[in-house]
Amino acid sequence: MEQDYLTRLSPLFAPLTTLPGVAGRRESLFKRLLGERAIDALLHFPSNINSYRLVQTINDAAVGETIIIQAEVMSHRPATRRGGPHRVSCYDGHTFFEVVFFHGNIPYFHKILPEKTKRTIIGRVDKNLSRWSITHPEKIYPATPDQIVPTKEVVYPLTTGVTNKCVHRAIDAALSRLINFPEWHDKTVAQELNLMGFSQAIRQLHHPQTMEDLQLTPAHERLIFDELFAHQLALHFSRLVNQAETPGQSMIGTGKLVRQLLAQLPYEPTESQKDVLRDIFEDMAKPNPMTRLIQGDVGSGKTLVALISMVRAIESGFQTAILAPTDILARQHAETIINLADTIGIKAVVLTGREKGKKRAQILDNLAQGKIDLLIGTHALLVEDVQFKNLGLAVIDEQHRFGVEQRLALAQKGNNPDILAMTATPIPRSLQLANFGDMDVSIIREKPAGRQPVTTKVLPLNRLNDVIDGVQRALQDQAKVFWVCPLVEESEKINVSAAVDRYQQLQEIFGHRIGLVHGKMKAADKDAVMEQFVNGDVDILIATTVIEVGVNVPAATIMIIEHAERFGLAQLHQLRGRIGRGERAATCVLLYGHEMSQVGKERLATMRQTNDGFEIAEADLRLRGGGDILGTRQSGLPGFRLADFVSYPDKMSSLLALANTEAKKVLKTDSALRGDRGFAIRLLLEVFAMDNAIKYTRS
């Protein structure tokens, strides 16, 4: 039975590019929107239904209404100037109207609307004086006498460059590959919840009949419970390495290197840091592996706690690693750690995607031989050829940027090493189980002595000149300034300033004292600018959100964020955390545009009222809609694709608790996932791309 299922399911788990229209120049857009596999497309559900009214004459339409109309194409009138309108005269048997295009291809207009032919046109009606028009119709196709025109269209979430028609085509093809899956839920639970079949729910959600079908339906609840169950299984399987039957190593240490490290520091750890270190040292001394999460607000000293913990492991005879989400943060860690490590005889090395050829080969060889005590890197540490001789402790910095899969991959690098994760994105209590149910949690609540609270000001963008004047005054006092813009290139849809444009404007005022960093720059160029900002002549850094996480410039006392209303609260808090890291008072200026939603206003008000990351996290959860919890695509926690803790908190919490209970039962009764249900659960984990957790099943 298993082999038969696997054979029949293989087209569904095939790459997304096997679906029609996906491969080619738009492949990356489709993958960003839908995922990597054909089955991922089936988890991309409609968000709206467009309804159209069929009219005999445009006179029967209302301005602003989207209609379906049949008309004869009479003549074309090309634009008389660049960027002007191309007008096509049409006649519906009663009234003349125009179809209007801008910025188009004239031969294409003639191709889709040939003169003296009849066409069915779907579009939004407008009227200027007595002239009716439809600008950029949604659809145009040949009209036939017996034509049946659909009066509604299911609409999917899209991205620039991918049309609804293209998404429909890909998803329809994926649906044709869908077969009925075996049931992976306990029969009693499935009956109590009255769960429909997985495949039935998929098909139903892709064919909504009314707007109510887009809300929380039984089909949605079925798939949400599947997602939560898969997630909880993955979390618990990853923690199998913590069970007594799966021993790790006890790391007690001598205390000698830790004392030497502390003697190098100009300050003593805070009481909160000491409390967290006690938790960590107790875990490290146990024979079973640690999986602990450190929550600490920006600037609370998490990195120092991690370094002390790594030194403890090293003096116990083990290697350590720290995994950062960006190259900039990894190299910043390297600057801080390598010099300190060297003074106490610890060999620390950095490894990112930039280390290539002979240099990389030498690092890997030294690592495998145990000649490197502490490895600092990015995702490059997770590739197969990075092998440790005796990895005892792995630290994951900015844990909210990594998922369960990355933790599992890192755990395979040693003999069940201790895992210490850190996040500066405080986690609302309602999401701790969902995202970190497999980890013990320690919280650093106080900041190091001498840190000044950041004053936050909210100003309209039309006061930009006042802000520039303020920056000029601050530079006279040797201040360093972060200036954040939301995009690298100008967007036609969202009128926001681009970093490159602002850089060019401010360069005329500040000259060589200004630098630019954005995600499209080469890594070496970014490093050079950052070095000048930290230690050189650059005093103003124009940047995108590449500086959001972990960048540490103690001299920076001013943060200016343009169009702050377009950022999530978690991201704004992360950005503000880049300043106020020294002993001087710091100021964050949030500039907003003239169009701001009520949610945007509440976000900025929250930022002005508090510096407490835990308050901000709860407010962010309350304000964000959909499943994008805390801005998963900007800076928040790893989100769920289907579960929506914002709109339906009670229902989601109830399903999550049940999923957690059921996952624990599976581990207790069949942790090897044998038999028919075990096979079904393996399929579930593969559906939601959690199949790496299967490596932790007990065989």
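The values are calculated or read from the model by the stated rules, or taken from the named source; none is laboratory data. All of these numbers come straight from a predicted model, not from anything done at the bench. FYI the Cβ positions are ideal-geometry reconstructions off the backbone, even for glycines, and counts take in every protein chain you see.
Here is a yes/no grid of residues against (1) closer than 30 Å to THR17 by Cβ; (2) modelled with pLDDT under 85; (3) not in a loop (DSSP other than H, G, I, E, B):
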site: LYS127; (1), (2), (3): no, no, yes
site: PRO137; (1), (2), (3): no, no, no
site: CYS166; (1), (2), (3): yes, no, yes
site: ARG169; (1), (2), (3): yes, no, yes
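Restricting attention to segment 111-170, the residues being of a type in the set (D, E, K, R) and closer than 20 Å to LEU205 by Cβ number 4. Quick check, is ALA409 modelled with pLDDT under 80 and either closer than 29 Å to ARG445 by Cβ or surrounded by fewer than 18 Cβ atoms within 10 Å (Cβ to Cβ) (or both)? For ALA409, the condition - modelled with pLDDT under 80 and either closer than 29 Å to ARG445 by Cβ or surrounded by fewer than 18 Cβ atoms within 10 Å (Cβ to Cβ) (or both) - is not met. Only a single criterion out of (1) modelled with pLDDT under 75; (2) among the β-branched types (Val, Ile, Thr); (3) out of contact with any Leu (no Cβ under 8 Å at 6 or more places or on another chain); (4) in a helix (DSSP H, G or I) is not satisfied by THR632, namely (4). For first residues located in segment 526-539 and in contact (Cβ under 8 Å) with a residue 12 or more places away in the chain, partners that are assigned to a loop (DSSP other than H, G, I, E, B) and of a type in the set (Asp, Glu) and lie 6+ apart or on another chain with Cβ distances below 9 Å form the pairs PHE533/ASP539. List the pairs whose first member sits in segment 121-140 and is free of Cβ contacts under 8 Å to residues at least 24 places away in the same chain, whose second member is surrounded by fewer than 14 Cβ atoms within 10 Å (Cβ to Cβ), and whose Cβ atoms are under 9 Å apart, counting only residues at least 6 apart or on separate chains? Final answer for the pair search is LYS139/LYS165.
Within segment 156-169, residues that are more than 15 Å from ASP40 (Cα to Cα) have Cβ atoms under 7 Å from residues that are surrounded by 13 or more Cβ atoms within 10 Å (Cβ to Cβ) and among the small types (Gly, Ala, Ser) in these pairs: CYS166/GLY21, counting only partners at least 6 apart in sequence or on another chain. Among the residues of segment 417-446, write down those that are buried (at least 20 other Cβ atoms within 10 Å of the Cβ) and either out of contact with any helix residue (DSSP H, G or I) (no Cβ under 9 Å at 6 or more places or on another chain) or at pLDDT 70 or above (or both). PRO417, ASP418, ILE419, LEU420, ALA421, MET422, THR423, ALA424, MET439, SER442, ILE444 - these are the residues of segment 417-446 that are buried (at least 20 other Cβ atoms within 10 Å of the Cβ) and either out of contact with any helix residue (DSSP H, G or I) (no Cβ under 9 Å at 6 or more places or on another chain) or at pLDDT 70 or above (or both).
Just for segment 488-521: of the residues that are assigned to a strand (DSSP E or B) and under 9 Å from ALA543 (Cα atoms), which one is modelled with the lowest pLDDT? Spell out how you get there, then give the answer.
In the first step, residues of segment 488-521 are kept if they are assigned to a strand (DSSP E or B); the result is 498, 514-517.
Add one more test, that the residue is under 9 Å from ALA543 (Cα atoms), and what stays is 515-517.
On the way: GLY515: 91, LEU516: 90, VAL517: 86.
Checking each candidate, the answer is VAL517.
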